[in-house]
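Accompanying notes for the structure given below.
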Amino acid sequence: MTATTDAAMAEQRDELVDKIDDEIQHKANLGDRLLHHHRAILQDLPFDGLPELLTDEHRSAIERLVEKHGRRNLQIRVKRIIGYASKSGDSQHNLVLSQQRANAVHQHLSTKITEAGIDPDEFFSGSFSVVAKGESDLPYPTNLSEDNPLNRRVEIVYTLTIDLQRQADAATGPTSTLWKIDFGPAGAGFFLQAGAGTLTMLPDGGSGSPTGPISKPFTFEQLGFSIGLFEKLKKAKFLKKFPQLRRALGLLHPDKPGNYPKTSALLQNLGFSVDIISTGGEFETDLRLSFNDMQSFNYNTLSASLSILGKGEATLLLLHSSHFFEPTVIIGLGQNIAVPDLEAGIVPVGFVQVNIE
């Protein structure tokens with residue numbers, strides 16, 4: 001096959017590539033609101049960014065996205081702009097090129113929303129980022145150092161919201177994208193736990209935002225379990241090489257002389273243990289939400305804790321709802337003098353019900 005034939009095939013392939021694509025990754029019908037998670041794809045970008053980074057077709061697609069915002073109760077909120085490059089050429093050069101492509105899309109998008117009089121804080125998510133992927137995590141991976149026009153792309157990740165009947169803040173009260181959740185102490189069976197906590201709406205400076213924090217109590221139920229690791233650790237074979245560490249772990253056993261058995265016996269006689277662990281933290285939602293929107297949601301947690309007459313706990317908390325999916329890493333500290341141990345815990349499923357007065 002001649003070089004001329006190769007060039008002709010490449011030209012023909014490029015002509016068959018759709019330069020603009022839009023994928024809906026998730027849909028949610030929330031009664032008076034429809035929520036779509038989109039990924040707008042600008043592909044077949046100019047090779048190596050020459051003579052320019054975007055074509056008129058790509059710029060027109062960006063402008064159409066801006067025009068949607070505010071039309072017939074449509075709202076756009078951009079979360080990420082991700083740049084890619086095909087495998088042709090040096091990988092470091094491609095990483096820089098993907099950053100330049102993403103920056104060019106961000107710049108044109110910012111220019112158009114300014115010209116349209118749109119507040120950037122309403123158009124871009126608070127966690128908005130511009131990301132360069134280079135030739136890593138390519139949508140169309142290949143082991144060959146070749147140019148694939150589908151990999152010369154920038155993706156705009158955004159949510160599109162359609163308000164059907166909702167009137168501005170009158171019926172729903174204050175709204176915000178910033179929230180804080182605090183789980184209080186829980187009573188537990190072997191697998192089931194139940195307790196109460198507080199959900200707080202924080203001011204975010206947007207339209208409809210409260211002037212100060214507003215808190216509502218909630219109750220929660222969860223299915224979970226924890227695994228004590230000290231007993232398993234003390235039996236580990238590698239501890240034979242560390243006699244002092246093994247001796248120290250042995251002192252923590254309740255049958256050994258010392259303070260812990262006395263503390264344990266005291267708590268057993270009193271009939272309760274002291275456990276004031278509280279986990280929680282701030283998170284951001286894609287949309288402006290009211291307490292009605294946040295009335296119920298699900299969550300999962302992974303946690304690790306260390307208690308030696310006092311307990312520190314670190315928890316990864318994942319929140320789920322049709323309105324949002326936002327993970328946040330939480331650090332909770334408390335005191336638990338009943339069970340000195342090293343523990344790992346998991347909550348496969350939990351449910352929050354917010355009490356709205």
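Being modelled with pLDDT under 75, on the phi > 0 side of the Ramachandran plot, among the hydrophobic types (A, V, I, L, M, F, W, C) and surrounded by fewer than 19 Cβ atoms within 10 Å (Cβ to Cβ) is a property that residue 342 lacks.
Yes/no matrix, rows are residues, columns are (1) modelled with pLDDT under 90; (2) surrounded by 17 or more Cβ atoms within 10 Å (Cβ to Cβ):
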position: 185; (1), (2): yes, no
position: 188; (1), (2): yes, no
position: 203; (1), (2): no, no
position: 210; (1), (2): no, no
position: 218; (1), (2): no, yes
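Conditions (1) under 21 Å from residue 18 (Cα atoms); (2) without any contact (Cβ under 8 Å) to a residue 60 or more places away in the chain; (3) surrounded by fewer than 19 Cβ atoms within 10 Å (Cβ to Cβ); (4) not acidic (Asp, Glu), marked per residue:
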position: 51; (1), (2), (3), (4): yes, yes, yes, yes
position: 63; (1), (2), (3), (4): yes, yes, yes, no
position: 73; (1), (2), (3), (4): no, no, yes, yes
position: 85; (1), (2), (3), (4): yes, no, no, yes
position: 98; (1), (2), (3), (4): yes, yes, no, yes
position: 113; (1), (2), (3), (4): no, yes, no, yes
position: 137; (1), (2), (3), (4): yes, yes, yes, no
position: 145; (1), (2), (3), (4): no, yes, yes, yes
position: 155; (1), (2), (3), (4): yes, no, no, no
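When 145, 129, 110, 125 are checked against the criterion of being farther than 25 Å from residue 30 by Cα and either assigned to a strand (DSSP E or B) or of a type in the set (A, V, I, L, M, F, W, C) (or both), a single residue qualifies: 129.
The values are calculated or read from the model by the stated rules, or taken from the named source; none is laboratory data. Since the structure is predicted, the reported quantities are computational estimates derived from the model, not experimental observations. Quick reminder, even Gly has a Cβ in these numbers, built from the backbone with ideal geometry, and neighbours come from all protein chains shown.
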